[in-house]
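Derivation of every value follows stated rules applied to the coordinates shown; laboratory data play no part. In this text, all values refer to a predicted model and were calculated from it rather than measured experimentally. Cβ sites come from the backbone with ideal geometry, for glycine too, and all protein chains shown count toward neighbours.
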Amino acid sequence: MVVEILPPEEVGEALLIIFDTNAVNLLQPEGPTADIIRKLRQSGHHRIGVPWMVLEEMAAHKARYYPAKHQGVLNALAKLQEDLPWELKRS
């Protein structure tokens, strides 16, 4: 995990916690660890952040599934069209 140390004038009284890609990927949004992180942030004594590159990596990880999911939707629409007695209108 990468930890960035900022000068006190940038952080103020809050403790800054920065997550790297691995930490974010392992974090379950509805899990207890995410609840703890939310509570720390709400306390006002902690600041939570991720570098921009982490957001880019997360988007890339998610995007690799888009072609397969898109094809799944097209297959479902084709199957639906086969089963419907009327024409399926698309917008």
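Structural remarks
- Distance between the pseudo-spin-label points of Ser43 and Arg90 (7 Å out from Cα toward the beta carbon): 5.2 nm.
- Here the spin labels are modelled as points 7 Å beyond Cα on the Cα-Cβ line, and at Asn75 and Asp35 they lie 3.7 nm apart.
- The Cα center of segment 71-91 and the Cα center of segment 23-66 differ in position by 37 Å.
- Of all lysines in the structure, the ones whose alpha carbon falls short of 27 Å from that of Lys79, not counting any fewer than 8 places away in one chain, are Lys62, Lys69, Lys89.
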